[in-house]
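Trainee: Quick one: the structure is below, and I'll ask about it shortly.
The values are calculated or read from the model by the stated rules, or taken from the named source; none is laboratory data. All figures in this text were calculated on a predicted structure; none of them were measured in a lab. Positions of Cβ are backbone-derived with ideal geometry, glycine not excepted, and every protein chain shown enters the neighbour counts. Surface accessibility is based on the protein's heavy atoms, side chains included, excluding ligands, DNA and RNA. Shrake-Rupley method; radii C 1.70, N 1.55, O 1.52, S 1.80 Å.
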Amino acid sequence: MSEFAELSLGDKKFQFPVITGSEDEKAIDIAKLRDDTGHITIDSGYKNTGATKSAITFLDGELGILRYRGYSIEELAEKSSFLEVAYLLIYGELPTSEQYAAFQNEIKMHTIVNEDMRKIFEGFPVNAHPMGVLSAMVCAMSAFYAGEKAGSDELNIIRLMAKMPSMATWSYKKSQGHPVNYPNNSLDYCSNFLNMMFALPVESYKVNPVISAALNKLLILHADHEQNCSTSTVRLVGSSQASLYASISAGINALSGPLHGGANQEVIEMLEEIKADDGDTSKYIAMAKDKTSGFRLMGFGHRVYKNFDPRARIIKKAADDVLAALGINDPILKIAAELETAALNDEYFVARKLYPNVDFYSGIIYRALGIPTDMFTVMFAIGRLPGWIAQWKEMKANKEPIGRPRQVYIGATERGYVSMTERA
Ligand code: MLT
């Protein structure tokens, strides 16, 4: 039976259809609202506004549920690999062994980055932030792979999945004054990334399976998250029929913000600040409660999760396992645990739903894996790449119109031009 929402404006009544998703989510379809009523809605930050109907990721913020194409992140983090999850997100189903082998081989055929791209990269200063470098290099791909080299969307998807990790490691190698590494196609996706990051020509580098397994889990947990800021950016830019590269580059830029993907770097910097201040967590917990202190507790709370971030629970356990396996006793972990205990027990934080989110623990693991702080958000981008690609593909396949929100104008009403000499 069709459902409708009724809107009363003055003495008029209007009806708008209600749609129901496969998980019983409800939405009022206001496609005809302005034509029928002359009104628009306004919803700063789009907290109550659905931009699309999507079959990729389902999350339930109240129950702390996150599933990719119907599979729970708990199962995928435990049983799958990042590249298999990337296939699932992009193509909609878990691959057969033949499909997975073909996907892996396609990617391996494109891991080498055009040497001319290196000339663009060499122009960056040694202290350039890796997120700015990455977004520029991905955007440059829209210039490199244009015209007769443009290729199909499918080829560009493979090129991006194959080349982004290579380009991501360049910034780190440059910051160390070390030569960049070429991809090693005898390694799996995550091991290849670690090898490009840490191998040095003066010694043989062997990927630690504990680190590679942790990286797989971290990238799986970051792979998609429905219509977050950066994914919405990718879909909006792509809706103008801009290239996949231009759309993903825009998503990388959106992710770089400290309120989004940049939060994992902010968390570690916050923990380091507390450690440098004699590890006085109670001082910083007090500051977090004092609006005049200017101190903000990073890595706590979330726009959509109301009780806990399911990814944080998995990452926290992985952090404990990785640090134990590597024999690392990182003092900031103790500080993080004290902050978490406070956030989970102190009424001030509980009332405001300020519990650890995905960014709170991811930095601790990345640090344990030897990844430098300014590369943390790059790791988020590498993880989120298949999600961005899947969402961009879905937007195109659905032939969604160019995104063009409306506004309510609150500026000056009409007035005549006054020459400069006549102005007060
Ligand atoms: C994400 O995974 O994109 C972040 O948790 C932010 C979000 O979903 O709004």
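Trainee: Can you tell which of GLY299, GLY363 is open to solvent by less than 20 Å² (accessible area, probe 1.4 Å), at negative phi and touching a helix residue (DSSP H, G or I) at 6+ places or on another chain (Cβ under 6 Å)?
Mentor: Step by step, each of GLY299, GLY363 is checked, and only GLY363 is open to solvent by less than 20 Å² (accessible area, probe 1.4 Å), at negative phi and touching a helix residue (DSSP H, G or I) at 6+ places or on another chain (Cβ under 6 Å).
Trainee: I'd like to check something: does region 164-180 contain any residue that is touching a residue at least 40 places away in the same chain (Cβ under 8 Å), within 29 Å of ASN398 (Cα to Cα) and in contact with a strand residue (DSSP E or B) (Cβ under 6 Å, 6 or more places away or on another chain)?
Mentor: no
Trainee: All but one of (1) more than 21 Å from SER230 (Cα to Cα); (2) touching a residue at least 24 places away in the same chain (Cβ under 8 Å); (3) β-branched (Val, Ile, Thr) hold for THR96; state the number of the condition that does not hold.
Mentor: THR96 satisfies every listed condition except (2).
Trainee: Looking only at residues that are open to solvent by 40 Å² or more (accessible area, probe 1.4 Å) and among the hydroxyl-bearing types (Ser, Thr, Tyr) in region 234-261, which one is farthest from SER152 (Cα to Cα)? Quick ask: steps written out before the conclusion?
Mentor: Kept after step one, since they are open to solvent by 40 Å² or more (accessible area, probe 1.4 Å), are these residues of region 234-261: 236-237, 240-241, 243, 253, 256, 258-259.
From what's left, among the hydroxyl-bearing types (Ser, Thr, Tyr): 240, 243, 256.
Numbers: SER240: 17, SER243: 11, SER256: 28 Å.
Across region 234-261, the extreme among qualifying residues is SER256.
Trainee: Which numbered condition trips up LEU271, out of (1) surrounded by 20 or more Cβ atoms within 10 Å (Cβ to Cβ); (2) within 15 Å of the ligand (Cβ to nearest atom); (3) not aromatic (Phe, Trp, Tyr)?
Mentor: All conditions are met except number (2).
Trainee: Would you kindly identify the helices (runs of 4 or more DSSP H) lying entirely within region 326-421 that contain at least 3 residues that are within 25 Å of ILE220 (Cβ to Cβ) and within 16 Å of the ligand (Cβ to nearest atom)? Give the steps one after another, and end with the answer.
Mentor: Numbers: elements: 331-345, 347-351, 358-368, 376-397.
Passing ranges, in order: 358-368, 376-397.
Trainee: Which of the residues that make up region 227-260 are more than 13 Å from the ligand (Cβ to nearest atom) and over 10 Å from TRP388 (Cβ atoms)?
Mentor: Across region 227-260, the qualifying residues are LEU236, VAL237, SER239, SER240, GLN241, ALA242, SER243, TYR245, ALA246, SER249, ASN253.
Trainee: Another question, then. Taking region 283-298, which residues are outside any loop (DSSP other than H, G, I, E, B) and either aliphatic (A, V, I, L, M) or touching a residue at least 40 places away in the same chain (Cβ under 8 Å) (or both)? Show your work before the answer.
Mentor: Start the filter on region 283-298 by keeping residues that are outside any loop (DSSP other than H, G, I, E, B), which leaves 283-289, 291-293.
TYR284, ILE285, ALA286, MET287, ALA288, LYS289 - these are the residues of region 283-298 that are outside any loop (DSSP other than H, G, I, E, B) and either aliphatic (A, V, I, L, M) or touching a residue at least 40 places away in the same chain (Cβ under 8 Å) (or both).
Trainee: Answer yes if at least one residue in region 183-194 is at pLDDT 95 or above, out of contact with any Pro (no Cβ under 9 Å at 6 or more places or on another chain) and of a type in the set (A, V, I, L, M), and no otherwise.
Mentor: Within region 183-194, one or more residues are at pLDDT 95 or above, out of contact with any Pro (no Cβ under 9 Å at 6 or more places or on another chain) and of a type in the set (A, V, I, L, M).
Trainee: Only one of THR57, THR49, THR111 is surrounded by fewer than 16 Cβ atoms within 10 Å (Cβ to Cβ) and of a type outside the set (Lys, Arg). Can you tell me which?
Mentor: On the way: THR57 fails: surrounded by fewer than 16 Cβ atoms within 10 Å (Cβ to Cβ); THR111 fails: surrounded by fewer than 16 Cβ atoms within 10 Å (Cβ to Cβ).
Going through THR57, THR49, THR111 in turn, the sole match is THR49.
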